[in-house]
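Peer 1: Let me give you the structure first, and then I'll get to my questions.
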Amino acid sequence: MKPKLLATVGLMALVSCVAVNKELVATGGSRADGTVDLSYEQASYETVKTDPARGLSAARDRCVAWGYKDASPFGGESRQCQVSNQYGCSQWLATIRYQCLGNMASVQAK
């Protein structure tokens, strides 16, 4: 292997091992359905770490503002390719959906 190619492959391997902290941001949801979607973007070479407690807190804040009592993650995440090239997807949008808890109508009636 040529030294330049070897260095490039080594650098790519090193970059792919580094975890990147990402903030979950609100990207959707439905007050009527009691759902909140929080997302982050991920490049194909990134290993992403999110803070589940901060995500739950953000979802809970949105649910409470809508009149619900709490929130809970559905579990798992969905991923959609945002940018693709000849090698596959190079940029993903990962979304975690949360369910608002507590009957909104009973909270508003009180």
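Peer 1: Taking the condition of being surrounded by 12 or more Cβ atoms within 10 Å (Cβ to Cβ) and in a strand (DSSP E or B), how many residues in the stretch 87-108 meet it? Walk me through it before giving the result.
Peer 2: Filtering the stretch 87-108 down to residues surrounded by 12 or more Cβ atoms within 10 Å (Cβ to Cβ) leaves 89-104, 107.
Checking which are in a strand (DSSP E or B) leaves us with 89-101.
Of the residues in the stretch 87-108, 13 are surrounded by 12 or more Cβ atoms within 10 Å (Cβ to Cβ) and in a strand (DSSP E or B).
Peer 1: Here's a follow-up. Give me a count of the residues in the stretch 86-99 that are of a type outside the set (D, E, K, R) and more than 17 Å from Val20 (Cα to Cα). Full working, then the answer.
Peer 2: Of the residues in the stretch 86-99, the ones of a type outside the set (D, E, K, R) are 86-96, 98-99.
Narrowing further to those that are more than 17 Å from Val20 (Cα to Cα): 86-89, 96, 98-99.
So the answer is 7.
Peer 1: Tally time: how many residues in the stretch 38-85 are more than 16 Å from Glu23 (Cα to Cα), loosely packed, with under 13 Cβ neighbours inside 10 Å and hydrophobic (A, V, I, L, M, F, W, C)?
Peer 2: Residues flagged as more than 16 Å from Glu23 (Cα to Cα), loosely packed, with under 13 Cβ neighbours inside 10 Å and hydrophobic (A, V, I, L, M, F, W, C) within the stretch 38-85 amount to 4.
Laboratory data are not the source of any read-out in this text; all were calculated from the coordinates shown. Keep in mind that what you see is a predicted model, and the values were worked out from it rather than measured. Methodologically, a virtual Cβ is constructed for each residue, glycine included, from the backbone with ideal geometry; neighbour enumeration extends over all protein chains shown.
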